[in-house]
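The values are calculated or read from the model by the stated rules, or taken from the named source; none is laboratory data. Computed from a prediction, not measured in an experiment: that's the story for all the values here. Here the Cβ is made from the backbone with ideal geometry for all residues, glycine too, and neighbour counts use every protein chain on show.
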Amino acid sequence: MSNIFWISLHARSIGTRIQEQGYRGLMLHVDALDTGRHVSHMTIIEFIRAFADDTPVAVVITDTVLESPGPTILYANPAFGALTGRDCTTIVGLTPRFMQGRETRRATLDAFHQALAANKPFHGFLSNYRPDGTRYRVEIDCRPLLSASGKVEHFIAFEREVVRRLGRPALSRAGRYVPAHVSNALLTDALRSMNVFHSNETDQMT
Ligand SMILES: Cc1cc2nc3c(=O)[nH]c(=O)nc-3n(C[C@H](O)[C@H](O)[C@H](O)COP(=O)(O)O)c2cc1C
């Protein structure tokens, strides 16, 4: 017989100290209720897995060690496996650098590194490679994941493949690309409300 789980979720805006550092977001408090019995503990990765395992958006969570061989991947959803051409269970323990290759732009990686080192979000576009050598362009929206006290505990990235926009010239730098499979219409309401893949002038290009 399968277990039925109820999750009660309370959210409130994160404190002004964190907002001053440039973050927007929600503080989440989760109670998992198992048919009346209170289950008191759930890690943030277990919580995200419950939502991310079925989404078409690639989701990857790492630790916060930036110097090589870090950061280390702690969770990757099946969509991330499909994007990168690997079984997502074999990705855990690797560094996201495994997708990089000859045309992965160093200047964009430097900007990525600087954002992570400053505990700031990063939004940009990179060329990455699958194990068979095919190159793909990926849009990356990476953010620090904070504990309730505001300490950065992990990084999370939302990723999707993009292709060059055909025809008329781009209106903005980010407008050079369009999503290959995962259009904005496929984003969940939760991802839309977090402004995932919402581009701005500081975007990093390939
Ligand atoms: C959550 C997360 C996801 C990442 N995803 C990618 C990715 O898909 N492709 C990529 O080339 N780099 C990705 N990176 C960036 C690399 O891990 C690394 O930070 C980048 O190469 C800059 O560091 P470096 O200057 O030490 O190489 C990701 C980093 C984090 C924290």
Restricted to segment 124-139 and to residues being in contact with a helix residue (DSSP H, G or I) (Cβ under 8 Å, 6 or more places away or on another chain) and in a strand (DSSP E or B), the residue nearest to Val162 (Cα to Cα) is Val138
Which condition breaks for Pro78 when tested against (1) within 9 Å of the ligand (Cβ to nearest atom); (2) under 28 Å from Arg176 (Cα atoms)?
-> (1)
Which condition number in (1) surrounded by fewer than 16 Cβ atoms within 10 Å (Cβ to Cβ); (2) aliphatic (A, V, I, L, M); (3) within 18 Å of Glu159 (Cα to Cα) is the one that Leu66 fails?
-> (3)
Keeping to segment 124-155, report how many residues are within 11 Å of Thr64 (Cβ to Cβ) and within 10 Å of the ligand (Cβ to nearest atom).
-> 4
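Condition check ((1) within 8 Å of the ligand (Cβ to nearest atom); (2) outside any loop (DSSP other than H, G, I, E, B)) across all residues:
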residue	(1), (2)
Phe47	no, yes
Ser68	yes, no
Val92	no, no
Phe98	no, yes
Leu109	yes, yes
What about Ala79, is it closer than 17 Å to Asp141 by Cα, of a type outside the set (Phe, Trp, Tyr) and in contact with an Asp or Glu (Cβ under 8 Å, 6 or more places away or on another chain)?
-> no
Output the number of the condition that Glu159 fails; it satisfies all remaining conditions of (1) among the acidic types (Asp, Glu); (2) out of contact with any Leu (no Cβ under 8 Å at 6 or more places or on another chain); (3) within 12 Å of the ligand (Cβ to nearest atom).
-> (2)
Mind checking which pairs have a first residue in segment 96-110 that is within 19 Å of Phe80 (Cα to Cα) and assigned by TED's automatic domain parsing to the domain that holds Asn128 and a second that is assigned to a loop (DSSP other than H, G, I, E, B) and among the aliphatic types (A, V, I, L, M), Cβ under 9 Å, 6 or more apart or different chains?
-> Phe98/Ile91
Of everything in segment 86-109 that's in contact with a Gly (Cβ under 7 Å, 6 or more places away or on another chain) and polar (S, T, N, Q), which residue is surrounded by the most Cβ atoms within 10 Å (Cβ to Cβ)?
-> Thr108
